[in-house]
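Taking it in order: structure first as C-alpha coordinates, then the write-up.
The values are calculated or read from the model by the stated rules, or taken from the named source; none is laboratory data. Since the structure is predicted, the reported quantities are computational estimates derived from the model, not experimental observations. Surface areas here come from the heavy atoms of the whole protein model, side chains and all, with no ligands, DNA or RNA. Shrake-Rupley method; radii C 1.70, N 1.55, O 1.52, S 1.80 Å.
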Amino acid sequence: MNTMKKRILSSVLAVAAAASMAVPAFAAGNETEITGTYEEVEIKVLVPATATAKINPYALDIELEDTSKTKISGQQIVTDPAAIVNQSSMNLGVSASVLGTIKTGSDMKFATASTKGSGTEGSDDYVAPATTKSAFIYLQMKTADGLANSDIDTTKNEVKVDSLAPKVAAWNDAFDAEKDIVVGTKSASKENMVTLKPATGGTVVDGGIAMFRLSGDCVTAPKTDWVETDGFTVNVAFTFAPVAATPAP
(Lines give C-alpha, C1' and ligand atoms only; values in the text may rest on other atoms or scores of the structure.)
Protein backbone atom coordinates (compact mmCIF):
# COMPACT_ATOMS: atom_id res chain seq x y z
CA MET A 1 0.00 0.00 0.00
CA ASN A 2 2.81 2.36 1.00
CA THR A 3 4.69 1.42 -2.11
CA MET A 4 1.72 2.33 -4.33
CA LYS A 5 1.31 5.64 -2.48
CA LYS A 6 4.98 6.44 -3.02
CA ARG A 7 4.67 5.75 -6.73
CA ILE A 8 1.69 8.09 -7.06
CA LEU A 9 3.46 10.85 -5.16
CA SER A 10 6.56 10.28 -7.24
CA SER A 11 4.54 10.73 -10.45
CA VAL A 12 2.96 13.91 -9.10
CA LEU A 13 6.35 15.29 -8.24
CA ALA A 14 7.67 14.38 -11.68
CA VAL A 15 4.81 16.24 -13.37
CA ALA A 16 5.27 19.23 -11.11
CA ALA A 17 8.97 19.25 -11.87
CA ALA A 18 8.32 19.10 -15.60
CA ALA A 19 5.83 21.96 -15.34
CA SER A 20 8.21 24.09 -13.35
CA MET A 21 10.94 23.54 -15.93
CA ALA A 22 8.57 24.46 -18.79
CA VAL A 23 7.59 27.87 -17.39
CA PRO A 24 10.91 29.64 -18.12
CA ALA A 25 10.73 28.51 -21.76
CA PHE A 26 7.66 30.73 -22.29
CA ALA A 27 8.86 33.60 -20.17
CA ALA A 28 12.44 33.99 -21.37
CA GLY A 29 11.71 36.65 -24.00
CA ASN A 30 11.33 34.33 -26.99
CA GLU A 31 9.08 36.77 -28.85
CA THR A 32 8.85 37.79 -32.51
CA GLU A 33 7.88 41.30 -33.53
CA ILE A 34 6.47 41.63 -37.06
CA THR A 35 6.33 45.06 -38.68
CA GLY A 36 3.92 45.62 -41.58
CA THR A 37 4.91 48.12 -44.28
CA TYR A 38 3.14 48.96 -47.54
CA GLU A 39 5.18 47.93 -50.55
CA GLU A 40 4.20 49.51 -53.84
CA VAL A 41 3.51 47.06 -56.66
CA GLU A 42 4.86 48.19 -60.02
CA ILE A 43 2.39 47.90 -62.87
CA LYS A 44 4.28 48.18 -66.13
CA VAL A 45 2.36 48.20 -69.40
CA LEU A 46 3.59 49.22 -72.82
CA VAL A 47 0.97 51.57 -74.31
CA PRO A 48 1.43 53.11 -77.79
CA ALA A 49 1.41 56.91 -77.69
CA THR A 50 -0.44 57.31 -80.99
CA ALA A 51 -2.45 55.35 -83.54
CA THR A 52 -4.31 56.21 -86.72
CA ALA A 53 -7.76 55.39 -88.04
CA LYS A 54 -9.50 55.84 -91.37
CA ILE A 55 -13.06 56.74 -92.30
CA ASN A 56 -13.86 54.32 -95.11
CA PRO A 57 -17.51 54.93 -96.21
CA TYR A 58 -17.52 52.32 -98.99
CA ALA A 59 -15.79 49.68 -96.83
CA LEU A 60 -13.05 49.22 -99.41
CA ASP A 61 -10.03 47.00 -98.74
CA ILE A 62 -7.47 48.87 -96.65
CA GLU A 63 -3.80 47.85 -96.73
CA LEU A 64 -1.97 47.90 -93.41
CA GLU A 65 1.56 49.21 -93.16
CA ASP A 66 3.24 45.83 -92.58
CA THR A 67 5.69 44.27 -95.00
CA SER A 68 3.09 41.80 -96.30
CA LYS A 69 0.52 44.60 -96.84
CA THR A 70 -2.13 42.76 -94.87
CA LYS A 71 -5.63 43.81 -95.92
CA ILE A 72 -8.63 44.68 -93.76
CA SER A 73 -11.92 44.25 -95.60
CA GLY A 74 -15.50 45.31 -95.00
CA GLN A 75 -14.83 47.93 -92.31
CA GLN A 76 -16.03 51.55 -92.51
CA ILE A 77 -13.92 52.61 -89.52
CA VAL A 78 -10.45 51.08 -89.81
CA THR A 79 -7.68 51.41 -87.22
CA ASP A 80 -4.05 50.55 -87.85
CA PRO A 81 -2.77 47.70 -85.63
CA ALA A 82 -2.36 48.75 -82.00
CA ALA A 83 -1.86 46.80 -78.78
CA ILE A 84 -0.89 47.17 -75.16
CA VAL A 85 1.68 44.76 -73.69
CA ASN A 86 1.61 43.63 -70.07
CA GLN A 87 5.22 43.79 -68.84
CA SER A 88 4.29 43.42 -65.17
CA SER A 89 4.97 40.30 -63.12
CA MET A 90 1.24 39.71 -62.62
CA ASN A 91 -1.99 39.30 -64.53
CA LEU A 92 -3.85 42.56 -65.13
CA GLY A 93 -7.47 43.42 -65.71
CA VAL A 94 -7.76 46.13 -68.34
CA SER A 95 -10.56 48.56 -69.13
CA ALA A 96 -10.71 51.83 -71.04
CA SER A 97 -12.72 55.00 -71.48
CA VAL A 98 -12.71 57.17 -74.57
CA LEU A 99 -13.12 60.86 -75.33
CA GLY A 100 -13.53 62.00 -78.93
CA THR A 101 -13.60 65.36 -80.68
CA ILE A 102 -14.45 66.28 -84.25
CA LYS A 103 -11.63 67.71 -86.32
CA THR A 104 -11.76 71.50 -86.68
CA GLY A 105 -13.35 72.44 -90.01
CA SER A 106 -15.26 69.15 -90.37
CA ASP A 107 -19.06 69.11 -90.41
CA MET A 108 -19.34 65.41 -89.55
CA LYS A 109 -21.07 64.32 -86.34
CA PHE A 110 -20.69 61.48 -83.88
CA ALA A 111 -23.76 59.22 -84.04
CA THR A 112 -25.11 57.75 -80.80
CA ALA A 113 -26.33 54.58 -82.54
CA SER A 114 -25.62 52.76 -85.78
CA THR A 115 -26.05 54.97 -88.84
CA LYS A 116 -27.56 51.95 -90.63
CA GLY A 117 -30.81 52.27 -88.68
CA SER A 118 -32.65 49.31 -87.21
CA GLY A 119 -35.93 47.39 -87.31
CA THR A 120 -38.29 46.81 -90.22
CA GLU A 121 -39.74 49.77 -92.06
CA GLY A 122 -43.34 50.32 -90.96
CA SER A 123 -42.84 48.71 -87.52
CA ASP A 124 -43.04 50.70 -84.28
CA ASP A 125 -39.37 50.15 -83.49
CA TYR A 126 -38.12 51.13 -86.98
CA VAL A 127 -35.25 53.63 -87.06
CA ALA A 128 -34.41 54.96 -90.52
CA PRO A 129 -30.79 55.04 -91.71
CA ALA A 130 -29.01 58.33 -91.12
CA THR A 131 -28.52 60.75 -94.03
CA THR A 132 -26.42 63.43 -92.37
CA LYS A 133 -22.65 63.05 -92.42
CA SER A 134 -22.05 61.02 -89.28
CA ALA A 135 -20.16 58.04 -87.89
CA PHE A 136 -20.99 55.62 -85.09
CA ILE A 137 -17.67 54.79 -83.42
CA TYR A 138 -16.81 52.45 -80.58
CA LEU A 139 -13.75 50.87 -79.03
CA GLN A 140 -12.99 47.16 -79.20
CA MET A 141 -10.38 45.23 -77.23
CA LYS A 142 -9.34 41.61 -77.40
CA THR A 143 -6.65 39.75 -75.51
CA ALA A 144 -4.19 37.69 -77.53
CA ASP A 145 -1.13 35.48 -77.16
CA GLY A 146 2.07 36.98 -75.88
CA LEU A 147 4.90 38.25 -78.05
CA ALA A 148 8.65 37.66 -78.13
CA ASN A 149 11.05 40.47 -77.24
CA SER A 150 11.91 40.72 -80.93
CA ASP A 151 8.29 41.70 -81.64
CA ILE A 152 8.65 44.99 -79.77
CA ASP A 153 10.16 48.08 -81.38
CA THR A 154 12.15 49.53 -78.48
CA THR A 155 12.81 52.81 -80.29
CA LYS A 156 9.07 53.51 -80.71
CA ASN A 157 8.10 51.63 -77.54
CA GLU A 158 5.36 49.70 -79.34
CA VAL A 159 4.65 46.35 -80.96
CA LYS A 160 6.06 46.01 -84.46
CA VAL A 161 3.38 46.24 -87.12
CA ASP A 162 4.72 43.12 -88.86
CA SER A 163 4.11 41.13 -85.67
CA LEU A 164 0.67 42.58 -85.00
CA ALA A 165 -0.91 42.82 -88.46
CA PRO A 166 -1.59 39.05 -88.91
CA LYS A 167 -3.33 38.95 -85.51
CA VAL A 168 -5.40 42.02 -86.38
CA ALA A 169 -6.48 40.53 -89.71
CA ALA A 170 -7.56 37.30 -88.02
CA TRP A 171 -9.38 39.30 -85.35
CA ASN A 172 -11.20 41.30 -88.02
CA ASP A 173 -12.63 38.11 -89.49
CA ALA A 174 -13.62 36.48 -86.20
CA PHE A 175 -14.36 39.23 -83.71
CA ASP A 176 -17.80 39.33 -82.10
CA ALA A 177 -18.91 42.95 -82.51
CA GLU A 178 -21.19 42.71 -79.49
CA LYS A 179 -18.43 41.77 -77.06
CA ASP A 180 -16.19 44.19 -75.15
CA ILE A 181 -17.39 47.29 -76.96
CA VAL A 182 -18.00 50.85 -75.91
CA VAL A 183 -21.12 52.56 -77.25
CA GLY A 184 -21.06 56.27 -77.98
CA THR A 185 -23.27 58.67 -76.07
CA LYS A 186 -23.74 62.32 -76.96
CA SER A 187 -22.19 64.74 -74.50
CA ALA A 188 -24.41 67.57 -73.26
CA SER A 189 -21.54 70.01 -72.87
CA LYS A 190 -20.24 70.31 -76.42
CA GLU A 191 -21.94 69.74 -79.75
CA ASN A 192 -19.05 67.88 -81.32
CA MET A 193 -17.96 65.90 -78.29
CA VAL A 194 -18.64 62.24 -77.61
CA THR A 195 -17.92 60.42 -74.37
CA LEU A 196 -17.78 56.65 -74.51
CA LYS A 197 -18.61 54.33 -71.65
CA PRO A 198 -15.86 52.16 -70.11
CA ALA A 199 -15.24 48.85 -71.83
CA THR A 200 -14.16 45.63 -70.22
CA GLY A 201 -11.17 44.31 -72.09
CA GLY A 202 -10.69 41.23 -69.93
CA THR A 203 -7.51 39.90 -68.34
CA VAL A 204 -4.07 40.36 -69.88
CA VAL A 205 -1.65 37.78 -68.53
CA ASP A 206 1.95 38.55 -67.67
CA GLY A 207 3.70 39.00 -71.02
CA GLY A 208 0.39 38.96 -72.92
CA ILE A 209 -1.14 41.63 -75.14
CA ALA A 210 -4.53 43.24 -75.68
CA MET A 211 -5.25 44.44 -79.19
CA PHE A 212 -7.52 47.45 -79.49
CA ARG A 213 -9.11 49.43 -82.27
CA LEU A 214 -11.85 51.86 -83.11
CA SER A 215 -14.61 50.28 -85.16
CA GLY A 216 -18.09 51.24 -86.25
CA ASP A 217 -20.03 52.44 -89.26
CA CYS A 218 -20.77 55.66 -91.10
CA VAL A 219 -23.19 57.06 -93.67
CA THR A 220 -22.00 55.91 -97.09
CA ALA A 221 -23.56 58.71 -99.18
CA PRO A 222 -24.57 61.60 -96.89
CA LYS A 223 -26.34 64.76 -98.10
CA THR A 224 -22.99 66.55 -97.96
CA ASP A 225 -20.11 64.48 -99.32
CA TRP A 226 -17.23 63.20 -97.25
CA VAL A 227 -14.10 65.31 -97.84
CA GLU A 228 -10.45 65.14 -96.78
CA THR A 229 -10.99 67.71 -94.04
CA ASP A 230 -13.41 65.37 -92.23
CA GLY A 231 -12.01 63.53 -89.26
CA PHE A 232 -11.83 63.12 -85.51
CA THR A 233 -9.39 62.67 -82.65
CA VAL A 234 -9.96 60.07 -79.95
CA ASN A 235 -8.16 59.76 -76.63
CA VAL A 236 -8.21 56.31 -75.05
CA ALA A 237 -7.49 56.20 -71.31
CA PHE A 238 -6.61 52.70 -70.09
CA THR A 239 -7.03 51.50 -66.52
CA PHE A 240 -5.13 48.49 -65.13
CA ALA A 241 -5.63 46.49 -61.93
CA PRO A 242 -3.99 43.26 -60.67
CA VAL A 243 -6.18 40.17 -60.82
CA ALA A 244 -5.70 36.73 -59.31
CA ALA A 245 -4.31 34.05 -61.58
CA THR A 246 -6.69 31.27 -62.59
CA PRO A 247 -5.88 28.13 -60.56
CA ALA A 248 -4.58 25.18 -62.51
CA PRO A 249 -7.16 22.40 -62.99
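Remarks
- For the stretch 59-76 versus the stretch 218-245, the inter-centroid distance based on Cα atoms is 17 Å.
- Ellipsoid semi-axes in whole angstrom, largest first, where each is sqrt(5λ) of the Cα gyration tensor of the stretch 49-179: 32, 17, 16
- Taken per residue, the accessible surface of the stretch 25-146 reaches 60 Å², heavy atoms only and a 1.4 Å probe.
- In this structure, the pairs whose alpha-carbon distance is over 19 Å, taken from LYS71/LYS103; LYS54/LYS133; LYS69/LYS167; LYS54/LYS156, are LYS71/LYS103; LYS54/LYS156.
- Tensor-based shape of the stretch 80-123 (alpha-carbon gyration tensor, a/c under 1.5 rounded, otherwise prolate or oblate): oblate
- GLU158, GLU42, reordered so the largest accessible area comes first (probe 1.4 Å): GLU42, GLU158
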